[in-house]
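Chemist: Provided herewith is a single structure, encoded as structure tokens, for subsequent inquiry.
The values are calculated or read from the model by the stated rules, or taken from the named source; none is laboratory data. Since the structure is predicted, the reported quantities are computational estimates derived from the model, not experimental observations. Methodologically, a virtual Cβ is constructed for each residue, glycine included, from the backbone with ideal geometry; neighbour enumeration extends over all protein chains shown. What goes into the accessible areas is simple: the full protein's heavy atoms, side chains included, and nothing from ligands, DNA or RNA. Shrake-Rupley method; radii C 1.70, N 1.55, O 1.52, S 1.80 Å.
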Amino acid sequence: MAEQSTSSNVNITDAVLNQSPVIKDAENVTINYKQPPSTSSSDEDGWDAVQTIMKEHNNRLEKEGVLQFQGVSAKIEIPPVHPSISEITFFEKDKVPADEEYDPDDHKELYSNKIITQVQFQDLLKLKSKFISIIGRAGSGKTVLSKKLTKAFSPSHRVCIHRKFMDMNNKQPLTLRKLFLDNMIPGQDEKVYENAFNWLKKNDEKLILVLDGFDQAEYTLDKKCSTINYDECVPEKQLIHNLFIKHLFPNSLLVVTSRPHAVLYLPEAARPQVTYALGDLSLEDTKELFLAFADEELWRKIKKSSNQILSMCRNPLMLQMIISSNIHPSEDIGDASTPTRLFATVMKNLTYSHNFQFPETMDELARKLQILAFAATKHRKVVLTAKELRDGGVDPTTIHDIVVQLHCHRRPINSRLLEGNTKFFFCHQTFQEHLTASYVVYGMPLEEFQDFVETSLFQKHWIVVKRFVCGLLFDLESKAVSGDLQIKKEILKKYLIQQLEIISEKYMESRPDIQTNIQTNGYTDKLFDLYACVGEGKDSSIATKAAEHFPTTIQLPAPMNSNLVPGFCFIMKHVTKQLDELNLAACFLESNSFHEIASVIKEMKPGQIGMMNIGVNLLQPSNIDDVIGLLRVVRDVLWMLFCFDVGGLRDANQDERSKIRSTLNEIQTSLEVYVDYGTILRSQK
């Protein structure tokens, strides 16, 4: 069977639906359409016609397959893993943005300022609402979830039709019947279509329409819509609008999946009653899925060398790229241990694609995309129109169909840089940010670059782009360079060090309270953003300067995003001064992040840190060895209340306390360790 590409930039193979690597806990419901009670021959003819249509529909869905990583032979049966699913208050009364803006904080939990309720897959099968939407970023598993729902929603006497917007987008007016029956399953007798459609109209309470990828539609819905009857021939968007406002098939269940921005466009009357957001995989599921396609050695390598990259694996799309880049790294770039190196490797591998058959080289195309990405980011856009692409010298039809081979595997991996037809989106927002940074480094004129660094780059809007710029200039261009590139490095280095001095001083002036973990004036976030830039650039001379200005009293952001950990650790390796207080409390650090931080701290001088707080984190029992390593470095007090998470936050248990007490006796320190509110451990010698 020919391989097909989904709208989520991943591959489709012939794997059976039950072995989907993205959704678990779906009921293995056999689709068995039994004849319902009927009172007329027309009802019987209608149900027979529905059975005929649905048999072909389900065969097509099975053949289309499911999300699976192509090119890596699974060593074990694909494990059933799932993204988190949250019921979310997506709309707020009438205040719906006209367009979704680019937001560098998009990497945080989707719409984290809204009310979120965690749900399970089975909850989706018990819905009483008539119209729901499922939103998520590219690669989060929307298409796979929609197919799982289609199967699980299809017990006896119910008809579940699955259609993708990218397969519709009809240019000519058509009827509702043609949209969902004739065009979906062509080649049937006219009477079959007529009888099936009449049955669905009469029994619409038994109908479920699952429409996947609304962001792939070539249109947006107008504020007002003329209602129509079932047999009118009208533009497709008018049919969809009438479905959304529940004028057609009013008693059916309508399920629409989309990237978030497209749902924002919906007029109030056409909005879903309930919205669910797909999040990332859990760390446990990420490892399980990773090990199905790559070996334990690669997992340990990534876990040991780059917790930041490990965190990115929680998105199935990013996991695919990370596996590809590590199995076949670029000799020019080295290991993909930072986001900059990862995306540079992906772009480099696209250059060597055997399937790349366009009139321009990948480098030429990349330069055009860099300019477009910079313009979009500058104007806070994540959507590009066909006109903008053409004006930038990019053929939208070519980009839409771009299928390239990452030669990292025995078989190809399909990958789309952009999605959509008349509206285009980078397959992951980080691609837009990386291409934007590439333009700043390699395409922006020198005079403009200096002004951009001084006036814009260090603003919040460019926070992720700035990290990529540092990674490109200081890490990937660490070798001797000349000309404008060398001057750009000197300009950025000077300004970055200047910012480190200014923000460190202002941070110390604000004097955050280590006991209450109060962070003032936003200087904590600004400081750790700068640390992330230094870590991405891997320039020791800049890290040394940052260490000179390192605050003697410092607390980590709460919570501490895992992508900030590598930069913080890189700076800490260069800190030689005495620190009065180091606060990690309430950062909700996971086991691997804490291990990365503790591994750096234990190499510091004995007694170099006066007071340290590691309470309210997500440590595992294995982290007790990391805690033991801190005892030689912390001089006065170590707080560790509720620092372990084993099905809930807890204090150190008796075995862990015994290990701490034994180590304290061994090193004969004056350190006091608060293991709970009433217990202090001290050296007995």
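Chemist: Name every residue in segment 300-344 that is assigned to a loop (DSSP other than H, G, I, E, B) and open to solvent by 40 Å² or more (accessible area, probe 1.4 Å), in order of residue number.
Modeler: Result: Arg314, His328, Pro329, Glu331, Asp332, Asp335.
Chemist: Name the residues in segment 291-307 that are more than 20 Å from Leu145 (Cβ to Cβ) and among the hydrophobic types (A, V, I, L, M, F, W, C), would you?
Modeler: Leu291, Phe293, Ala294, Leu298, Trp299, Ile302, listed by residue number.
Chemist: Return the total of residues in segment 264-277 being modelled with pLDDT of 85 or more and either assigned to a helix (DSSP H, G or I) or under 24 Å from the mean Cα position of the chain (by Cα) (or both).
Modeler: 9
Chemist: Let me ask another. On the basis of being over 21 Å from Gly537 (Cβ atoms), open to solvent by 30 Å² or more (accessible area, probe 1.4 Å) and not aliphatic (A, V, I, L, M), does Lys602 make the cut?
Modeler: It is true that Lys602 is over 21 Å from Gly537 (Cβ atoms), open to solvent by 30 Å² or more (accessible area, probe 1.4 Å) and not aliphatic (A, V, I, L, M).
Chemist: Let me ask something else. Can you name every residue in segment 605-629 that is among the aliphatic types (A, V, I, L, M), open to solvent by 20 Å² or more (accessible area, probe 1.4 Å) and within 28 Å of the chain's Cα centre (by Cα)?
Modeler: Hits for segment 605-629 are Val616, Leu618.
Chemist: Within segment 220-244, restricting attention to residues that are touching a residue at least 60 places away in the same chain (Cβ under 8 Å) and assigned to a loop (DSSP other than H, G, I, E, B), which residue is nearest to the chain's Cα centre (by Cα)?
Modeler: Pro235
Chemist: Can you name every one of the strands (runs of 3 or more DSSP E) wholly within segment 71-173 that holds 1 or more residues which are crowded, with 21+ Cβ neighbours inside 10 Å and modelled with pLDDT under 75?
Modeler: Passing ranges: none, list empty.
Chemist: Then there's this: Against the definition (touching a Ser or Thr at 6+ places or on another chain (Cβ under 7 Å) and modelled with pLDDT of 95 or more), how does Leu631 come out, yes or no?
Modeler: When the stated conditions are applied, Leu631 passes them.
Chemist: Looking only at segment 596-608, decide whether some residue is modelled with pLDDT under 95 and either among the charged types (D, E, K, R) or more than 22 Å from Thr552 (Cα to Cα) (or both).
Modeler: The answer is yes; a qualifying residue exists.
Chemist: Identify the single condition in (1) modelled with pLDDT of 95 or more; (2) in a helix (DSSP H, G or I) that Leu291 does not satisfy, given that it satisfies every other one.
Modeler: Of everything listed in (1) modelled with pLDDT of 95 or more; (2) in a helix (DSSP H, G or I), Leu291 misses just condition (1).
Chemist: Among the residues of segment 201-216, are any touching a Lys or Arg at 6+ places or on another chain (Cβ under 8 Å), assigned to a loop (DSSP other than H, G, I, E, B) and on the phi < 0 side of the Ramachandran plot?
Modeler: no
Chemist: Evaluate segment 401-417: report whether one residue or more is open to solvent by 30 Å² or more (accessible area, probe 1.4 Å), of a type outside the set (D, E, K, R) and modelled with pLDDT of 85 or more.
Modeler: no
Chemist: Please go through segment 280-293 and pick out each residue that is buried (at least 21 other Cβ atoms within 10 Å of the Cβ) and of a type outside the set (Asp, Glu).
Modeler: Leu281, Thr286, Leu289, Phe290, Phe293
Chemist: Test Phe588 against the stated conditions and say whether it is surrounded by fewer than 22 Cβ atoms within 10 Å (Cβ to Cβ), aromatic (Phe, Trp, Tyr) and under 23 Å from the mean Cα position of the chain (by Cα).
Modeler: yes
Chemist: Now, a different point. Looking at (1) closer than 15 Å to Ile53 by Cα; (2) open to solvent by less than 50 Å² (accessible area, probe 1.4 Å); (3) among the small types (Gly, Ala, Ser), which one does Gly187 not meet, given that it meets all the others?
Modeler: Single failed check for Gly187: (2).
Per-residue answers, yes or no, for (1) modelled with pLDDT of 95 or more; (2) open to solvent by less than 30 Å² (accessible area, probe 1.4 Å); (3) closer than 22 Å to Pro566 by Cβ; (4) under 20 Å from the mean Cα position of the chain (by Cα):
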residue: His428; (1), (2), (3), (4): no, yes, yes, yes
residue: Ala437; (1), (2), (3), (4): yes, yes, yes, yes
residue: Pro445; (1), (2), (3), (4): yes, no, no, no
residue: Gln459; (1), (2), (3), (4): no, no, no, no
residue: Val464; (1), (2), (3), (4): no, yes, yes, yes
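Chemist: Can I ask one more? Every residue in segment 178-193 that is in a helix (DSSP H, G or I), touching a residue at least 12 places away in the same chain (Cβ under 8 Å) and over 17 Å from His162 (Cβ atoms), please.
Modeler: Passing the criteria: Lys191, Val192, Tyr193.
Chemist: Answer with yes or no whether Glu236 is open to solvent by 10 Å² or more (accessible area, probe 1.4 Å) and of a type in the set (Asp, Glu).
Modeler: The answer is no for Glu236.
Chemist: Quick check on my filter: what residues within segment 266-279 are open to solvent by less than 50 Å² (accessible area, probe 1.4 Å), out of contact with any strand residue (DSSP E or B) (no Cβ under 6 Å at 6 or more places or on another chain) and touching a residue at least 60 places away in the same chain (Cβ under 8 Å)?
Modeler: Listed by number, the residues that qualify are Leu266, Arg271.
Chemist: Need pairs with beta-carbon distance below 9 Å; first residue in contact (Cβ under 8 Å) with a residue 40 or more places away in the chain and surrounded by 15 or more Cβ atoms within 10 Å (Cβ to Cβ) and within segment 637-650, second of a type outside the set (A, V, I, L, M, F, W, C) and part of a loop (DSSP other than H, G, I, E, B); sequence gap 6+ or separate chains.
Modeler: Partner pairs satisfying both residue conditions: Trp639/Gly615.
Chemist: To continue, here is another question. Looking only at segment 205-222, how many residues end up being open to solvent by 10 Å² or more (accessible area, probe 1.4 Å) and among the charged types (D, E, K, R)?
Modeler: Looking only at that region, the number is 4.
Chemist: While we're looking at this one, here's another question. Is there a residue in segment 245-260 that is open to solvent by less than 10 Å² (accessible area, probe 1.4 Å), modelled with pLDDT of 95 or more, of a type in the set (Phe, Trp, Tyr) and under 19 Å from Asn169 (Cβ atoms)?
Modeler: no
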